[in-house]
């Protein structure tokens with residue numbers, strides 16, 4: 001089972017997800033950290049990812065090869081994260097056959113009606129529970 005965690009800017013959301021995955025899911029799970037920039041990738045690698053890569057080409061090439069993609073909602077919005085998520089990146093995520101588990105945090109001018117907003121740690125825990133349900 002291969003899980004891709006994608007994040008940008010400082011990588012804090014991705015790092016929180018990876019730490020929770022390492023704590024709650026089998027150590028045999030392969031976690032790939034894909035950052036829109038090197039700071040995000042580095043932060044996620046420090047959190048315990050098996051491998052990491054940075055940038056558009058890495059993200060576009062990796063999306064079709066994974067079973068799950070986890071990240072903030074912004075990873076499916078072109079030009080989000082102050083332009084870090086390129087149209088090719090968001091298209092690759094959306095087109096991937098992987099199951100996507102998105103955390104509804106975004107600084108973009110997007111509102112998802114019907115979603116209750118919780119603190120980040122609660123949303124990360126819920127995302128991990130969903131992944132565990134899908135795997136087992």
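Every number in this text was worked out from the coordinates using simple rules, so none of it is lab data. Since we're looking at a predicted model, the values are computed, not measured. When we count neighbours, we look across all protein chains shown, and the Cβ atoms used for this are built from the backbone with ideal geometry, even at glycine.
Most tightly packed first, judged by the mean number of other beta-carbon atoms within 10 Å of their residues, the peptides 28-34, 92-98, 109-115, 69-75 read 69-75, 28-34, 92-98, 109-115. Sequence-distant contacts, meaning Cα pairs under 8 Å at least 6 residues apart, place the relative contact order of the range 2-135 at 24 percent. Taking a point 7 Å out from the Cα of residue 46 in the direction of its Cβ, the residues of the range 11-27 whose backbone N falls within less than 14 Å of it are 11-16, 19.
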